[in-house]
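Everything below concerns the one structure shown next.
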Amino acid sequence: MNDWFVARDGLIGAARFPSLVRSTQRISALELLLLLMCGATAAAAVGLIKLRLGIPGHSIVLVVVPMALGMALAPRRMAGCVMSAGAVGTAWLLTATASGSFGSGSFVSLSLLGPLMDIALGGVKGGRRVYGALVMAGLATNLLALASRALPKVLGLDLPGTRPFDIWWLQASVTYTLSGIMAGLLGAACWFHFNDRTSSGPQV
């Protein structure tokens with residue numbers, strides 16, 4: 001099981017803050033707690049903070065920033081999946097207690113961003129590649145969120161009073177794409193260096 005959480009040396013060297021990783025394989029309870037908290041923070045931000053910008057797909061920013069922080073502080077192979085598990089659990093709790101609300105797009109973002117970050121960051125070394133990987137993860141996540149929002153509209157199952165597909169799609173296809181790219185770029189800029197830096201790696 002420890003092999004699931006092998007440390008990513010390339011991310012340790014690129015992060016702006018000292019990593020919590022002290023073993024190349026065994027993940028600590030503190031790291032697990034941090035990752036779950038980052039996922040929970042992402043879900044709470046989406047469920048409780050309503051920016052009402054009128055820009056479809058912008059909530060991805062609230063998901064990427066805390067999850068990218070978790071990846072910077074605890075750069076492990078399955079870190080993204082752990083954060084998404086914490087995010088989904090928190091979203092379920094907030095929904096069950098009527099404390100927060102989540103659309104299908106935001107729920108997809110919380111569920112899939114972590115695993116997609118794990119995939120995109122696989123084998124990545126150096127700041128520039130981290131930036132590119134997070135941008136791709138943000139973009140892919142938001143395109144899947146776009147599909148989850150588009151499907152009910154195409155099938156005629158969307159809520160009454162919402163914009164029809166033909167009108168909504170013209171704006172959403174652009175804003176979801178740009179929001180995904182900008183979210184990945186912002187998350188990378190907050191927590192990772194752009195210029196490549198050498199690192200001695202974690203202490204065993």
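Can we say residue 17 is among the aromatic types (Phe, Trp, Tyr) and surrounded by 19 or more Cβ atoms within 10 Å (Cβ to Cβ)?
On the way: among the aromatic types (Phe, Trp, Tyr): yes; surrounded by 19 or more Cβ atoms within 10 Å (Cβ to Cβ): no.
No.
Just to verify a result, which residue in the stretch 89-101, among those that are surrounded by 19 or more Cβ atoms within 10 Å (Cβ to Cβ) and touching a Phe, Trp or Tyr at 6+ places or on another chain (Cβ under 8 Å), is nearest to residue 117 (Cα to Cα)?
In this case the residue turns out to be 91.
Among (1) more than 15 Å from the chain's Cα centre (by Cα); (2) surrounded by fewer than 19 Cβ atoms within 10 Å (Cβ to Cβ); (3) touching a residue at least 60 places away in the same chain (Cβ under 8 Å), there is one condition residue 169 misses while meeting the rest; what is its number?
All conditions are met except number (3).
Suppose the filter is within 18 Å of residue 43 (Cα to Cα) and at pLDDT 95 or above; does residue 144 pass it? Even if it seems obvious, please write down each step before you answer.
Values: within 18 Å of residue 43 (Cα to Cα): yes; at pLDDT 95 or above: yes.
The answer is yes for residue 144.
Yes or no: the stretch 44-62 includes at least one residue that is in contact with an Asp or Glu (Cβ under 8 Å, 6 or more places away or on another chain), of a type in the set (A, V, I, L, M, F, W, C) and surrounded by 24 or more Cβ atoms within 10 Å (Cβ to Cβ). Give the steps one after another, and end with the answer.
Just the residues of the stretch 44-62 that are in contact with an Asp or Glu (Cβ under 8 Å, 6 or more places away or on another chain), to begin with: none.
No; the residues of the stretch 44-62 include none that is in contact with an Asp or Glu (Cβ under 8 Å, 6 or more places away or on another chain), of a type in the set (A, V, I, L, M, F, W, C) and surrounded by 24 or more Cβ atoms within 10 Å (Cβ to Cβ).
Of all residues in the stretch 17-47 being more than 30 Å from residue 94 (Cβ to Cβ) and in contact with a Phe, Trp or Tyr (Cβ under 8 Å, 6 or more places away or on another chain), which is modelled with the highest pLDDT?
26
Among the residues of the stretch 148-166, which ones are touching a residue at least 12 places away in the same chain (Cβ under 8 Å) and either assigned to a loop (DSSP other than H, G, I, E, B) or surrounded by fewer than 22 Cβ atoms within 10 Å (Cβ to Cβ) (or both)?
Just the residues of the stretch 148-166 that are touching a residue at least 12 places away in the same chain (Cβ under 8 Å), to begin with: 148-150, 152-153, 165.
Once the filter is applied, which keeps residues that are touching a residue at least 12 places away in the same chain (Cβ under 8 Å) and either assigned to a loop (DSSP other than H, G, I, E, B) or surrounded by fewer than 22 Cβ atoms within 10 Å (Cβ to Cβ) (or both), the stretch 148-166 yields 148, 150, 152, 153, 165.
The values are calculated or read from the model by the stated rules, or taken from the named source; none is laboratory data. What you are looking at is a predicted structure, and each value in this text was computed from that prediction instead of being measured. Note that each Cβ is placed from the backbone with ideal geometry, even for glycine, and that neighbours are counted across all protein chains shown.
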